[in-house]
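First up is the structure itself, then whatever we jot down about it.
The values are calculated or read from the model by the stated rules, or taken from the named source; none is laboratory data. Keep in mind that what you see is a predicted model, and the values were worked out from it rather than measured. Note that each Cβ is placed from the backbone with ideal geometry, even for glycine, and that neighbours are counted across all protein chains shown.
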Amino acid sequence: MDEADRRLANLLESLEDTDTYISDYRGQVSNPSDPLKPTWSCNGIDLYLGDSREILPRIEYADFCITDPPYIPGFEWVWEFLGRNIKRILPVGGSLVTLCGHVHIPEALDNLRNSGLRYWWIAGMRHTIEHKLVIGKYVVAQFKPALWFVNETRKGANSGTKTPFDMVPGTKNDKSRHKWQQPTNWFEHWIDNLSEEGEIVIDPFMGSGTTGVAAIKKRRRFIGIEINPYDFDQCVERMKDTFEEIGNG
Ligand SMILES: C[S@@+](CC[C@H](N)C(=O)[O-])C[C@H]1O[C@@H](n2cnc3c(N)ncnc32)[C@H](O)[C@@H]1O
């Protein structure tokens, strides 16, 4: 059984047990008339198990959003949803950095701009492995693009405080927690450059929680949302491991 099969078997096993599994958390997932309460919370890290479409509209504030949303068929709503909500919760000067597949850039740009956010830059995560030919496009992809938007302007733009590199290699990609797991170092770079210690970083599609791991390492607070209970559990485990690793929990 290879790694992908093992992950699928684990996922199926967790889904068989979905009722019990979710009910462990269910009491804590807010229904829309209750005050919003994280499913798991520790040392400034608030994780929500549930649909971002229900939870994110109820989040009031974050200093910086960094995310890697799904953009496979069926998720065409993501860019409009993300733009509208992140525009609402960011302070003026705050940033959104979102990974985005090459072919989805046109609709992502249109929707994010329509939300009132301001386009700032395109950045990239350089692949560190030999990369595959993209079928139908006849291109060998060497990087994954990320769109950087700001709310009106960029904090510190005039004083020039922080100057991120736009192309940062992802360290060797560990996929042990999620099939789309991304390298932590790339998120650390952006969190470092576009937020300050103690500020709130948000990821409405956190997968296995890589952004949360990076936020803890950079001493930020964090809000993460994930709909899949199996992935959510991976997040909780990774947060605990990271607190242990940095001797904070
Ligand atoms: C590309 S993955 C993120 C992977 C992450 N960057 C990591 O390193 O593990 C996107 C995640 O969004 C989650 N997702 C999809 N629809 C969602 C929704 N409506 N609300 C919250 N999460 C959702 C998926 O379950 C998936 O785990």
Which one is nearest to residue 65 (Cα to Cα), of the residues in the stretch 222-249 that are among the charged types (D, E, K, R) and within 13 Å of the ligand (Cβ to nearest atom)?
226
Kindly list the number of the only condition in (1) farther than 20 Å from residue 207 by Cα; (2) in contact (Cβ under 8 Å) with a residue 12 or more places away in the chain; (3) outside any helix (DSSP H, G or I) that fails for residue 136.
(2)
Among the residues of the stretch 34-77, which ones are within 15 Å of the ligand (Cβ to nearest atom), free of Cβ contacts under 8 Å to residues at least 40 places away in the same chain and outside any loop (DSSP other than H, G, I, E, B)?
53, 54, 57, 58
Across the stretch 202-221, which residue is nearest to the chain's Cα centre (by Cα) among those that are within 13 Å of the ligand (Cβ to nearest atom) and assigned to a strand (DSSP E or B)?
203
Please pick out the residue among 188, 152 that is modelled with pLDDT of 95 or more, farther than 15 Å from residue 66 by Cβ and surrounded by 13 or more Cβ atoms within 10 Å (Cβ to Cβ).
152
Could you count how many residues in the stretch 222-249 are assigned to a loop (DSSP other than H, G, I, E, B) and out of contact with any helix residue (DSSP H, G or I) (no Cβ under 6 Å at 6 or more places or on another chain)?
5
